[in-house]
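Engineer: Below are the structure tokens for one structure; questions will follow.
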Amino acid sequence: RYEPTWGSLDARPLPAWFDEAKFGVFIHWGVFSVPSFGSEWFWWYWQKEKRESYVKFMDTNYPPGFSYEDFGPLFTAEFFDPNQWADILKASGAKYVVLTSKHHEGFTLWGSKYSWNWNAVDVGPKRDLVAELAASVRNRTDLRFGLYHSLFEWFNPLFLEDATNAFNTTNFPTSKSLPELYEIVTKYQPEIIWSDGDGNAPDTYWNSTGFLAWLYNDSPVRDTVVTNDRWGAGSICAHGGFYTCSDRYNPGHLLPHKWENCMTIDRSSWGYRRDAWLRDYLPIEDLVKQLAETVSCGGNLLMNIGPTHDGRIAVVFEERLRQVGSWLKVNGEAIYGTTPWRAQNDTVTPGVWYTFSPKEGKVNAIFLNWPVSGILELGEPRAKLGETQVKLAGYKELLKWVALGEKGMVIALPQLTPQQMPCQWGWTLQLTD
């Protein structure tokens, strides 16, 4: 049994499914999806920081005295079709999904007993959005279902009072945050708890170790659940299950601990923005690059989309997810279930990232640029004449190659028309022996 100490909790082995999965989809959805302007931090930027663009947006478009709470009933989700969402998630090639059950605004997407009249069952959609998506994901896909949960809430009077007392009182975690965590685990049995938002309070204030000990010892998901590292000031990148370290974290080299790169397709926001331009969305080439880099360095990629207040996954997000899925159909063997190789990227040709498939004993070289010459030089592999075989994923014939001394090889790529290409953005060479 695990003790409620970091020493004991950090010794728990991470369930293997998470490392094998490699790719998940993050969904930021909440009342912030109603103004859908600027950022999911809308309330904070408008009311606390009083940023000019946010104040002007409210003054121009809403009546005087309109409060953030007034957005609640406008979070309607009338087009929310959990089956359609599940089908898009499945088509993306993702192996897990993480939904924001509650962001820093405190609004819960389920009918929480601890968030009276500020939840999706009492206000707005009048539906348990968490339950509906969980059911569809489990019925229609093999994705694992996870939940994001914010520990703190920007404007909750109980939290603000505890903060004034330098966190020597714990009224907010004992009456709100912790009961909600126990509630979502017992009710929805998520296999990922993605914690966030420590409000600069230490993990002792949140009783994070107490909750995690229960989660790992006695909860209904004790054997399969994975957690991240955001459990109080100072715990990030130091304690918990997998490390996130910071948003959009991509170290570019191997880390000794399992980590995740959580990033957004919209460069500027996690929630949906009506004011986004096309150039704000990462193109598929960038997403494939992020996936290859992240997995080669031992990480998982958690790619975020922000649905609209009425429950739609915007077409641009759907297209990006389906594009990643079509890339993974061809190149998935170089991603799923792989481990880092002795080299992460190539020493001679930039834009080449390596992974290793232990079951097949294959080295995968993912190259992001197709050379004009049709010749690809790799500096890292040690090829053996008469033994080493080189294949292009999605192409039948073996490729010809020449060794360059002790280390390195030159590979002749097939001459293909655009229609014959196995995929369009990044290709995988599979090297055996």
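The values are calculated or read from the model by the stated rules, or taken from the named source; none is laboratory data. Computed from a prediction, not measured in an experiment: that's the story for all the values here. Here the Cβ is made from the backbone with ideal geometry for all residues, glycine too, and neighbour counts use every protein chain on show. Ligands, DNA and RNA are excluded from the accessible area calculation, which covers all protein heavy atoms including side chains. Shrake-Rupley method; radii C 1.70, N 1.55, O 1.52, S 1.80 Å.
Engineer: Filter region 276-321 for residues that are farther than 20 Å from T76 by Cα, more than 16 Å from the chain's Cα centre (by Cα) and either modelled with pLDDT under 95 or surrounded by fewer than 17 Cβ atoms within 10 Å (Cβ to Cβ) (or both) and give the result.
Structural biologist: Of everything in region 276-321, those that are farther than 20 Å from T76 by Cα, more than 16 Å from the chain's Cα centre (by Cα) and either modelled with pLDDT under 95 or surrounded by fewer than 17 Cβ atoms within 10 Å (Cβ to Cβ) (or both) turn out to be W277, L278, R279, D280, P283, E285, V316, E319.
Engineer: Considering only residues that are within 28 Å of the chain's Cα centre (by Cα) and assigned to a helix (DSSP H, G or I), look in region 49-68 and name the one that is nearest to S33 (Cα to Cα).
Structural biologist: Here the answer is Y68.
Engineer: If you don't mind, another one. Examine region 239-246 for a residue that is under 30 Å from D286 (Cα atoms), part of a loop (DSSP other than H, G, I, E, B), open to solvent by less than 50 Å² (accessible area, probe 1.4 Å) and touching a Lys or Arg at 6+ places or on another chain (Cβ under 6 Å), and state whether such a residue exists.
Structural biologist: yes
Engineer: Kindly indicate which of S235, S175, S208 is assigned by the TED database to the domain that holds K48 and within 21 Å of F18 (Cα to Cα).
Structural biologist: Within the list S235, S175, S208, the selection yields S235.
Engineer: May I ask you to say which residue of Y182, Y205, Y272, Y216 is assigned to a helix (DSSP H, G or I), of a type outside the set (G, A, S) and surrounded by 22 or more Cβ atoms within 10 Å (Cβ to Cβ)?
Structural biologist: Criteria check complete, one pass: Y205.
Engineer: Does region 143-162 contain any residue that is aliphatic (A, V, I, L, M) and open to solvent by 40 Å² or more (accessible area, probe 1.4 Å)?
Structural biologist: Among the residues of region 143-162, at least one is aliphatic (A, V, I, L, M) and open to solvent by 40 Å² or more (accessible area, probe 1.4 Å), which makes the answer yes.
Engineer: Going residue by residue through region 323-331, is there one that turns out to be open to solvent by 20 Å² or more (accessible area, probe 1.4 Å), touching a Leu at 6+ places or on another chain (Cβ under 6 Å), under 18 Å from L287 (Cβ atoms) and not hydrophobic (A, V, I, L, M, F, W, C)?
Structural biologist: no
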